[in-house]
1. Counting just the residues of region 102-134 that are at pLDDT 80 or above and of a type in the set (S, T, Y), which one comes out farthest from P60 (Cα to Cα)?
2. Would a scan of region 28-37 turn up a residue that is more than 13 Å from the chain's Cα centre (by Cα), touching a residue at least 12 places away in the same chain (Cβ under 8 Å), surrounded by 13 or more Cβ atoms within 10 Å (Cβ to Cβ) and not in a strand (DSSP E or B)?
3. Kindly indicate the residue of region 93-104 that is of a type outside the set (S, T, Y) and surrounded by 16 or more Cβ atoms within 10 Å (Cβ to Cβ) and also nearest to K72 (Cα to Cα) among those meeting that condition.
4. Restricting the search to region 61-92, which residues are farther than 20 Å from Y120 by Cβ and either small (G, A, S) or in contact with a Leu (Cβ under 6 Å, 6 or more places away or on another chain) (or both)?
5. Considering only region 40-86, state which residues are without any contact (Cβ under 8 Å) to a residue 24 or more places away in the chain and among the polar types (S, T, N, Q).
Amino acid sequence: MSQSCCHNTNEPYAEPYVVNLMCAAKSNYKFRNIIWTGSELQVTVMCIPVGGEVGKESHPDSDQMLRVEMGKAMVCIYSDDCTCPTRHHLCAGDAVMLPCGTVHNVVNTGSCPLKLSSVYAPPQHPKDTMECEH
């Protein structure tokens, strides 16, 4: 199956799926939108408003890859004591890989909405998740 750049759907796919991930992320205006869920992998796109953030979180059962598709971000990665994060500034094309259980936050540091793609392995969210706001 393929999806055109302007077509944004929330329907889960159990079959192979072809998509321009950068375009899907750039055209997304929902906080989190699941675009594909398989048995061992899940792909989402996210939109973080100017000055907004994902919020401090961790995924105890999933590894995660976050990629900036548009905008600028700061990712904060917390050590075990969760007090003093390591900060990394990211631009379009940059990615961060987070092993399961890593406490992190992503902050939009740019002047436009931050567009992200995110991959979870195994899936983290119910396959029909679409969050309009955070």
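1. Per the stated criteria, the residue is S111.
2. Restricting attention to region 28-37, the residues satisfying the condition of being more than 13 Å from the chain's Cα centre (by Cα) are 37.
Filter once more, so that each one left must be touching a residue at least 12 places away in the same chain (Cβ under 8 Å): 37.
Now narrow it down to the ones that are surrounded by 13 or more Cβ atoms within 10 Å (Cβ to Cβ): 37.
Of the ones still in play, those that are also not in a strand (DSSP E or B) are none.
No, region 28-37 has no match at all.
3. Once the filter is applied, the top-ranked residue is V96.
4. G71, S79, A92
5. Answer for region 40-86, where residues must be without any contact (Cβ under 8 Å) to a residue 24 or more places away in the chain and among the polar types (S, T, N, Q): S79, T83, T86.
The values are calculated or read from the model by the stated rules, or taken from the named source; none is laboratory data. Owing to the predicted nature of the structure, the values given are computational and were not obtained by experimental measurement. Quick reminder, even Gly has a Cβ in these numbers, built from the backbone with ideal geometry, and neighbours come from all protein chains shown.
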